[in-house]
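Trainee: Mind looking over this structure? Questions follow.
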Amino acid sequence: MSHFKIKCRNCGKELKDVYCAFCEHCSGSLLVTNYNEKHFREDCGEGIWRFNWLPVHSPKLRQPGPLVYRSEGLSSYLGLENLNIAFSGYWPERGVEIGTCTFKEFEAAVVLHNAVENGINGLVVASAGNTARAFSHLSSILGYPVLIVVPRMCLMDMWYFEPSSAIPTFAVSDGDYSDSIDVAKRFSSALSMPFEGGVKNIAKRDGLGIVLLEAVSSMGILPAHYFQAVGSGTGAIAVWEMAERFVNDGRYGSELPVLHLAQNLPFGPMVNAWKKGSRELSPEDLRPELLSLLSTRVLSNRYPAYSVNGGVFDALTATRGRMYGIENQSISDAVRIFEEREGIDIVPAAGVAVAALIKAVSAGTVSCNDAILLNITGGGEKRLKRDRETYMVEPVLISKKITETEIRQLLCEVRKTS
């Protein structure tokens with residue numbers, strides 16, 4: 001018997017035998033996982049699998065979670081007394097070895113196991129970098145087939161633990177991450193292999209919510225404030241959903257953490273919409289030419305989960321949240337400050353979250369004694385490459401205009417040469 005059900009956030013209808021979809025009655029409303037156990041437990045296994053609020057029954061893969069620790073260096077620099085950092089990366093000196101250096105590894109672990117348990121025989125995954133690395137690594141360990149589509153513009157920041165030939169990877173040469181999502185859906189249709197699903201996938205959101213599970217396990221309470229950089233916003237939605245479960249539990253606090261979410265300017269569609277109090281994103285803020293000006297292309301999603309029922313707009317509304325626009329120079333400064341104060345390198349996307357925290361402290365938005373959780377996803381990459389061999393991604397280049405017929409022909413040619 002399953003320990004969870006899947007329900008529509010809007011109408012409450014329970015869905016059965018569903019891998020990932022919208023409610024049949026409420027178009028554009030996210031489904032959510034409703035766990036049978038109201039109370040949080042962490043005695044169900046090892047690593048991330050010790051938590052009871054994950055949609056997996058029989059995990060086979062060993063998967064550690066993030067390191068959650070009380071900051072000393074950065075907290076002293078900012079004058080904060082209760083700053084907690086959730087570090088998803090490689091820092092063996094502190095006992096954390098998330099090999100792919102991203103919280104997307106938790107997502108991949110949960111999604112892959114959930115897919116296997118739903119009888120899904122393979123997945124097509126779209127990524128701007130981190131998700132591709134996580135899925136390529138864990139799928140190779142599990143022996144589970146995935147096909148990955150990425151934008152060529154992000155290749156300079158991408159690496160795998162395995163040679164690209166081991167994981168079918170295709171790069172859209174004339175488009176961005178959003179074009180890669182479109183192409184990935186075409187691959188899915190041509191192959192009759194499910195698209196991983198993005199924000200619609202409850203396993204993806206609950207996997208990303210592991211950051212909050214680990215934080216509450218370490219802190220003993222819900223944080224008052226939560227800081228994260230966002231591209232699609234799926235991780236922020238995941239934290240909101242997980243926080244609602246903790247509030248319903250009643251033992252860890254009665255208030256939802258205030259979400260402090262940040263984007264890299266000049267690409268800030270969610271920042272601008274939230275400032276206007278609008279549920280809808282402006283097409284002017286979604287122009288592709290803005291993406292070339294970013295230092296964090298992994299955050300360059302022109303299809304963010306903002307307007308959907310149960311998406312970022314609703315999460316910000318429910319938590320009285322805030323959005324921050326962060327310039328490139330502020331990101332560079334934040335990356336440097338974090339490494340100097342905490343003793344480990346972080347990637348620019350994590351620097352966006354640090355810069356947002358610096359802004360909030362400067363503006364007096366958070367108090368010195370507030371319980372704060374800073375999500376650092378992407379740390380220790382420089383440290384990792386001293387210990388492990390990595391490979392640059394060498395994908396098959398394709399056009400964003402590729403048709404399903406051309407995809408079938410291409411895959412036949414790839415199979416013949418592999």
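Trainee: Where residues in region 375-397 are open to solvent by less than 10 Å² (accessible area, probe 1.4 Å) and hydrophobic (A, V, I, L, M, F, W, C), which of them is nearest to ALA224 (Cα to Cα)?
Mentor: ILE376
Trainee: Just for region 31-49: of the residues that are in contact (Cβ under 8 Å) with a residue 60 or more places away in the chain and more than 17 Å from GLU214 (Cα to Cα), which one is most open to solvent (accessible area, probe 1.4 Å)?
Mentor: Across region 31-49, the extreme among qualifying residues is LYS38.
Trainee: Where residues in region 132-157 are in contact with a Pro (Cβ under 9 Å, 6 or more places away or on another chain) and not charged (D, E, K, R), which of them is farthest from PHE106 (Cα to Cα)?
Mentor: So, considering only residues that are in contact with a Pro (Cβ under 9 Å, 6 or more places away or on another chain) and not charged (D, E, K, R), the one farthest from PHE106 (Cα to Cα) is LEU155.
Trainee: Ok, one more. Among residues belonging to region 182-199 that are among the aliphatic types (A, V, I, L, M) and open to solvent by 20 Å² or more (accessible area, probe 1.4 Å), point out the one that is farthest from TYR144 (Cα to Cα).
Mentor: Among those that are among the aliphatic types (A, V, I, L, M) and open to solvent by 20 Å² or more (accessible area, probe 1.4 Å), it is VAL199.
Trainee: Being on the phi > 0 side of the Ramachandran plot and within 20 Å of the chain's Cα centre (by Cα) narrows it down to one of GLY321, GLY310, GLY343, so name that one.
Mentor: Matching residue, one of GLY321, GLY310, GLY343: GLY310.
Trainee: While we're looking at this one, here's another question. Give VAL298, VAL271 a once-over and let me know the one that is open to solvent by 30 Å² or more (accessible area, probe 1.4 Å) and aliphatic (A, V, I, L, M).
Mentor: After applying the criteria, what remains is VAL298.
Trainee: Could I ask something else about it? So LYS204 passes all but one of these: (1) modelled with pLDDT of 95 or more; (2) open to solvent by less than 10 Å² (accessible area, probe 1.4 Å). Which condition number does it fail?
Mentor: For LYS204, the failing item is (2).
Trainee: List every residue pair whose Cβ atoms lie under 6 Å apart, where the two residues are 6 or more positions apart in sequence or sit on different chains, the first residue falls within region 57-78 and is among the polar types (S, T, N, Q), and the second residue, located anywhere, is buried (at least 17 other Cβ atoms within 10 Å of the Cβ).
Mentor: GLN63/ILE48; GLN63/ALA109; SER71/LEU83; SER71/ILE85; SER75/LEU83
Trainee: Here's something else I'd like to know. Whether any residue in region 103-118 is assigned to a loop (DSSP other than H, G, I, E, B) and surrounded by 20 or more Cβ atoms within 10 Å (Cβ to Cβ) is what I want to check.
Mentor: Yes, region 103-118 has at least one match.
Trainee: While we're looking at this one, here's another question. Suppose we filter region 50-102 for residues that are of a type outside the set (Ser, Thr, Tyr), open to solvent by less than 40 Å² (accessible area, probe 1.4 Å) and touching a His at 6+ places or on another chain (Cβ under 8 Å); how many remain?
Mentor: Result for region 50-102: 4.
Trainee: Right, another one. What single numbered condition from (1) among the hydroxyl-bearing types (Ser, Thr, Tyr); (2) more than 25 Å from the chain's Cα centre (by Cα); (3) closer than 30 Å to VAL149 by Cβ fails to hold for SER362?
Mentor: Checking SER362 against (1) among the hydroxyl-bearing types (Ser, Thr, Tyr); (2) more than 25 Å from the chain's Cα centre (by Cα); (3) closer than 30 Å to VAL149 by Cβ, the one that fails is (3).
Trainee: Could you tell me which of the residues GLY73, GLY79 is at positive phi, over 19 Å from the mean Cα position of the chain (by Cα) and at pLDDT 95 or above?
Mentor: Being at positive phi, over 19 Å from the mean Cα position of the chain (by Cα) and at pLDDT 95 or above holds for just one of GLY73, GLY79, which is GLY79.
Trainee: For residues in region 16-58 being aromatic (Phe, Trp, Tyr) and out of contact with any strand residue (DSSP E or B) (no Cβ under 7 Å at 6 or more places or on another chain), which is nearest to ALA203 (Cα to Cα)?
Mentor: Within region 16-58, the match that is nearest to ALA203 (Cα to Cα) is TYR19.
Trainee: Let me ask another. Out of region 161-175, which residues are surrounded by fewer than 22 Cβ atoms within 10 Å (Cβ to Cβ) and either modelled with pLDDT of 85 or more or not polar (S, T, N, Q) (or both)?
Mentor: Once the filter is applied, which keeps residues that are surrounded by fewer than 22 Cβ atoms within 10 Å (Cβ to Cβ) and either modelled with pLDDT of 85 or more or not polar (S, T, N, Q) (or both), region 161-175 yields PHE161, GLU162, PRO163, ALA166, PRO168, SER173, ASP174, GLY175.
Trainee: Pairs under 6 Å by beta carbon, first residue among the aliphatic types (A, V, I, L, M) in region 190-217, partner assigned to a helix (DSSP H, G or I) and open to solvent by 10 Å² or more (accessible area, probe 1.4 Å), six or more apart or different chains?
Mentor: ALA190/GLU404; ALA190/ARG408
Trainee: Right, something else. Looking at region 207-219, can you tell me whether even one residue there is open to solvent by 10 Å² or more (accessible area, probe 1.4 Å), under 30 Å from GLY143 (Cα atoms) and under 16 Å from the mean Cα position of the chain (by Cα)?
Mentor: yes
The values are calculated or read from the model by the stated rules, or taken from the named source; none is laboratory data. Quick caveat, the model's predicted, so the values are computed rather than measured. Heads up, the Cβs are rebuilt from the backbone with ideal geometry, glycines too, and the neighbour counts pull from every protein chain shown. Calculation scope for accessible area: heavy atoms of the full protein, side chains included, ligands and nucleic acids excluded. Shrake-Rupley method; radii C 1.70, N 1.55, O 1.52, S 1.80 Å.
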